[in-house]
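Let me begin by presenting the structure, written as structure tokens, before commenting on it.
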Amino acid sequence: MKNYSVLFVCLGNICRSPTAHGVFRHMLAGHGLSDAVSVDSAGTSNYHPNSPPDARSQAHAAKRGYDLSDLRARQIQAADFETFDLILVMDWDNLTQVKQTCPPRHQHKVRRLSEFSLQFDSPVVADPYFGGVEGFERVLDLVEDASEGLLRHVRAQVT
Ligand code: 4NP
């Protein structure tokens with residue numbers, strides 16, 4: 001089996017991208033793909049260096065069986081463009097920011113997570129940070145759905 005790597009990126013790396021990180025690694029484990037596929041997450045900002053995920057993201061994720069407590073925030077760095085096969089952003093701002101710093105030869109790696117959605121047609125996973133509980137549930141709904149589509153894509157890369 002080949003190896004493949006995915007980096008999830010949002011603004012703060014404390015809400016959306018750690019949620020995607022936790023959901024997708026859980027799904028990979030369930031399909032016996034943890035050794036073949038590495039997963040990480042990062043923020044375009046350095047607002048929350050080394051912070052655990054937002055308590056609200058952790059609580060909503062835990063209700064669906066995902067443990068995010070070991071994750072720590074970091075900013076995306078130049079080496080990530082070399083390291084990762086796929087860099088999946090959550091919204092249009094993230095896309096602009098990441099594409100601005102990504103070398104031309106790696107631009108094709110930068111895509112929106114929502115491109116892998118199966119049920120939902122939202123083009124973005126919106127920032128829940130300044131909103132209410134519905135926003136955090138919406139993040140989980142969108143991330144779970146897109147992760148199913150992403151799993152199909154990734155499986156085809158490693159088998
Ligand atoms: P995230 O959400 O990008 O999904 O992690 C945010 C977290 C923190 C801030 C903004 C968005 N902030 O402004 O601190």
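The values are calculated or read from the model by the stated rules, or taken from the named source; none is laboratory data. What you see is a predicted model, and the numbers here were worked out from it, not measured in a lab. With ideal geometry, Cβ positions are generated from the backbone for all residues, glycine too; neighbour counts draw on all protein chains shown. For accessibility, only protein heavy atoms count, side chains too; no ligands or nucleic acids. Shrake-Rupley method; radii C 1.70, N 1.55, O 1.52, S 1.80 Å.
Stretched out fully, how many nm does the piece from S69 to F120 gain, at 0.36 nm a residue minus the Cα gap? All intermediate terms of the calculation are to be shown ahead of the outcome.
On the way: separation 51, 0.36 × 51 = 18.36 nm, distance 2.74 nm.
Extra length from S69 to F120 when fully extended: 15.6 nm.
Probing with 1.4 Å while keeping every protein chain in the model, the per residue accessible area of the chain equals 48 Å². Loop-located chymotrypsin sites (Phe, Trp or Tyr not before Pro) in region 69-159 (DSSP state not H, G, I, E or B) with no more than 11 neighbouring Cβ atoms inside 10 Å: F130. Here's the list of lysines a cross-link from K109 could span, going by alpha-carbon distance under 23 Å and ignoring same-chain residues fewer than 8 apart: K2, K99.
For the chain, the fraction of 1.4 Å probe accessible surface lying on carbon and sulfur atoms is 50 percent. Phi-derived couplings, Karplus 6.51 cos²θ - 1.76 cosθ + 1.60 at θ = phi - 60°, listed residue by residue for region 70-78: 7, 7, 9, 6, 8, 8, 4, 10, 3 Hz, with x used for Gly and Pro.
So which chymotrypsin sites (Phe, Trp or Tyr not before Pro) in region 8-58 pass both tests, a DSSP loop state and at most 14 other Cβ atoms within 10 Å of the Cβ?
Values: sites: F8, F24, Y47; in loops: Y47.
Filter output for region 8-58: Y47.
Taking a sphere under 12 Å around the Cβ of K2 and counting the other residues whose Cβ falls inside, with K and R at +1 and D and E at -1, yields a net charge of -1. Amide H contacts for V39 (H built 1.01 Å from N in the peptide plane; partners 5 or more residues away or on another chain; cut-off under 5 Å): V6.
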